[in-house]
Each structure stands twice: as C-alpha cells, then as structure tokens.
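Values quoted throughout were computed directly from the atomic coordinates according to the rules given, and no laboratory measurement underlies them. Since the structure is predicted, the reported quantities are computational estimates derived from the model, not experimental observations. Note that we place each Cβ from the backbone using ideal geometry, even for glycine, and neighbour counts take in every protein chain shown.
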Amino acid sequence: MPATDHAVEAETERLLRALLHVDCEPGRQWNYEACRRLAPLTLEINALKKEKDAVILTHSYVAPEIIYGVGDFKGDSYFLSLKARESKAKIIVFAGVVFMGETAKILSPAATVLVPDRGSGCSLADSLTGDQLRQLKAAYPDAAVVCYINSTADVKAESDVCVTSGNVYDIIARLPQRRVLFVPDRLMGDNVRNELKRRGIDKEIITSDGTCIVHDVFDAQSVADARARFPGLRVVAHPECTPEVAAVADFVGSTGAMMKYVKNTTAPYFLMLTECGLVSRLQVEAPEKNFIGGCRLCPYMKLNSLEKIRDALVSPRPEQIITLDEDLRRRAAHSIERMFALAPADPL
Ligand code: SF4
C-alpha cells in the first residue's frame, strides 16, 4: 500500500534530522529534496522488515541513508556479530560485505541471511583461501592460528581463534603458543608485532600478505603536510594502516575506538585515516567536530544500496542468500565463540 503524504512528510523530516550534517561524500548533499526523494523507499523497506520479520545490520562504512534510513543496528564487525548472534529474526539483511554476511550465518544458522550485493567482496578477506591457509599451517605446525574477523568462513574454519582490531592484542597475548600465524592482514600483523613488543610480550608473528585497499594507501608524509596546515590537528588511524602511519597518528584503534576517541577529545580538527562512512557517522553523532578531508571510500561497501536491500527483502535472488556447509559453519563458529570466550566485551 503506498505511503500517505503525511507518512512521507514525517519520514522526510526524520531523514533530514539524521543526515543534515553529513557532507563528506563528494557530490552528495543532504537537503530536504534529497530526503524527500528517499522517504518512500525507506518507508517501504521499514514496512517490509515488519512484514517479513527481518532485521537490517549496517556496517559503519555503508552509505548513511542505509544506516540512518533503514538500519536496526550500526557498528563494526564485532558489534554486528553479537547482534547477529542475539537475533531472533527470521531474516537478517547484512548491509556490509560478504564475509560479514557469512559471519552472521555462522552465528545465526536458523536465519535466512541476505547480502544486498554478492559482489561486495573485500581485498583483505579475499586475499586468502582456506586451501592457502592449510598450506601455511603445514609450514608452521606449532603456531597458533589467529584470523582477523575480516576473513572468509573457510579461513575462520581453519583457525584456532578469531579476533577483531579491538581485541587482537589481548587475545594474542593470552595464547600459550609463542609463535602465531596471523591472517590475512599483513599490516595489522606488523602493528600487532610492534604493540606487543612495546608491551614487553614475546611473540613471533607470522602473517599472510593481504591488505585493506582503503587503509593501506595512507602515508606518513600526508600526515606531516596536514599537521603543518592545521595546527592542533588530531590524527586518528585504524590498525589496518601501515606501521609508518600508525607511528605518526595520535590515536590508533578499531572503528568503535576511533569514534569514542573523537567524541571524547577536544581538538580544532581531526584527520580520519579510515573509510569515509565513519566520518559520516561522526558528523551525525558529533556534529560539533571538524574533519579535514582525507578519508577514503571502500568500493565494496558502496555496492550496497536501498534499492538492493528492498529487492532482497521482496524476493531474494539466489546469490543474495548466504549458504554454508554445516561442518564448515560449525568449525568457523568455534573460532568465533573462542574469541567471545577470551574477550567477552570488545575493549574497543
Ligand atoms: S574497508 Fe577494507 S577491510 Fe573493510 S571491506 Fe573495504 S576493503 Fe575490506
């Protein structure tokens, strides 16, 4: 049933209140007309959610109209994994990338898990297959196998424990093995090695060769240039950045930790060395903060759209439905449950 004019007007006002301060996406401006164009679609999706008993999980890097228009929960991989695990909904739509949909299916096997666009891969997750990890394990049989949550279900199934960018240091520090095979992020592995050394913890960290194409391009010289132009600038980086960038940042942390740092820090300007979606979220949730440019867009995350979410809810195409072999799912679940046991609350 088409929405009434009154419902569309109220939805337009709701979207406008949420999105008014978002301005880090080139060519997009959140004014009344833009919100008015979206309102019928967000109303339709929100009605479909009720009708189909669906919940929509939205990663911080997807477009703000998805997060604030139709999302039930927003956050990083760890938080959304918890929400998938707790969910009683029949359908989970994961607006993020495919490995996140797989993680939701691993933790909530009874639900139908949908991804809006099957092409939403990830340069990190797709850098290592289960077969390649089995070869690495054969080369280092005494190593604990630790996978970053940004990995495929196959890789999680081959791992002893899964970690996030928030709990990686504490979990690796607590493992009995000295030698650790950390996959698939080479740069995060370098940052973990440096941080554990700084903490006086003796571990040998062996990595595979994946990187995040969003975070691996930031460089220390650009940080120096920005500091010269903006006195008092605070530089915030993700541990998927290079160690050289991490070394010159004021703060390095997970998505959740970066948000907390910015909200709790007084500074004239912030430079966010991460995906622009996080800056959009901060512009909504901390509109008094000033951000200089520099963030980057993840092409995989930006494949998500309201139209694709609507279509998946109305009648999902086979490739939008996440399916996993049950034995593989159970083994992958074991590595994630071990993470929850070792780090029940993400330290951010
Ligand atoms: S931002 Fe990087 S790690 Fe996240 S989905 Fe995109 S490529 Fe993968």
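What does the extension gain come out to for Glu244 and Ala220, with contour length at 0.36 nm per residue minus their alpha carbon separation? Working shown, then result.
Working: separation 24, 0.36 × 24 = 8.64 nm, distance 0.62 nm.
Computed gain between Glu244 and Ala220 is 8.0 nm.
For a protection proxy built on the mean count of beta-carbon atoms within 10 angstrom, sort 185-198, 307-320, 60-73 highest first, please.
Numbers: 185-198: 20.5, 307-320: 15.9, 60-73: 23.2.
Going by the mean number of other Cβ atoms within 10 Å, highest first, we get 60-73, 185-198, 307-320.
Charging the Cβ of each Asp and Glu at -1 and of each Lys and Arg at +1, and nothing else, the dipole of the stretch 1-72 about its Cα centre rounds to 80 debye. Taking Ala84, Ala153, Ala226 in turn, the Gaussian network model of the chain (Cα-Cα springs below 10 Å) assigns the largest fluctuation to Ala226. A simple charge model with +1 on the Cβ of Lys and Arg, -1 on the Cβ of Asp and Glu and nothing else charged puts the dipole of the chain at about 600 debye relative to its Cα centre.
In plain terms, the chain from Leu297 to Lys197 could stretch by 32.8 nm, reckoned as 0.36 nm per residue minus the Cα-Cα distance.
Put simply, the amide H of Phe291, placed in the peptide plane, has neighbours under 5 Å in Phe270, leaving out anything fewer than 5 places away on its chain. If you add up the charges near Glu102, with Lys and Arg at +1 and Asp and Glu at -1, over every other residue whose beta carbon is less than 11 angstrom from its beta carbon, what do you get? With Lys, Arg at +1 and Asp, Glu at -1, the neighbours total +2. May I ask you to derive the FRET efficiency for Leu342 and Glu285 from their Cβ-Cβ distance with R0 = 35 Å, giving the value to the nearest 0.05? With R0 = 35 Å, the Cβ-Cβ based efficiency is 0.75.
The dipole here belongs to the stretch 220-292: it is taken about the Cα centre, uses +1 on the Cβ of Lys and Arg and -1 on the Cβ of Asp and Glu, and is about 220 debye. According to the Cα-based calculation, Rg over Rh for the stretch 220-292 is 0.93, with Rh computed by the Kirkwood formula.
Given R₀ = 45 Å, what would the calculated FRET efficiency be for Glu51 paired with Lys260, taking r from the Cβ atoms and rounding to 0.05? For R0 = 45 Å, the calculated efficiency reads 0.80.
How would the stretch 97-239 be classified by its alpha-carbon gyration tensor: rounded, prolate or oblate, with rounded meaning a/c under 1.5 and the a/b versus b/c comparison settling the rest?
Working: a/c = 2.04, a/b = 1.23, b/c = 1.66.
Here the stretch 97-239 falls in the oblate category.
Dividing the helix sum by the residues of the chain, where each DSSP H run of 4 or more adds -39500 (n - 2.57), gives a mean residue ellipticity at 222 nm of -13500 deg cm²/dmol.
Per 0.36 nm of contour for each residue apart, how much would the distance between Glu204 and Lys137 grow if the chain were fully extended, relative to their Cα-Cα spacing? Numbers along the way, then the final one.
Details: separation 67, 0.36 × 67 = 24.12 nm, distance 1.47 nm.
So the extension gain works out to 22.7 nm.
Between Val93, Val161, Val180, the Gaussian network model of the chain with springs among Cα atoms under 10 angstrom shows the greatest mean-square fluctuation at Val180. A simple spin-label model places pseudo-atoms 7 Å from Cα toward Cβ; at Arg85 and Thr323 they are separated by 2.7 nm. Each label point was placed 7 Å from the Cα along the Cα-to-Cβ direction; for Thr129 and Gln177 their separation is 2.3 nm. Among the GluC sites (Glu not before Pro) in the stretch 69-158, none sits in a DSSP loop with a Cβ that has at most 11 other Cβ atoms within 10 Å. Could you tell me which residue out of Leu114, Val155, Ala84 lies farthest along the dipole of the chain toward its positive end? Charges go on the beta carbon: Lys and Arg +1, Asp and Glu -1, centred on the Cα centre. Comparing the listed Cα positions along the dipole, Ala84 ranks first.
Cβ crowding within 10 Å ranks Val97, Val284 as Val284, Val97, fewest other Cβ atoms first.
In µm²/s, what is D for the chain at 37 °C and 0.692 mPa s, where D = kT/(6 pi eta Rh) by Stokes-Einstein and Rh is the Kirkwood radius from Cα pairs? Provide the component values of the computation, followed by the final result.
Working: Rh = 20.9 Å.
Translational D for this selection: 157 µm²/s.
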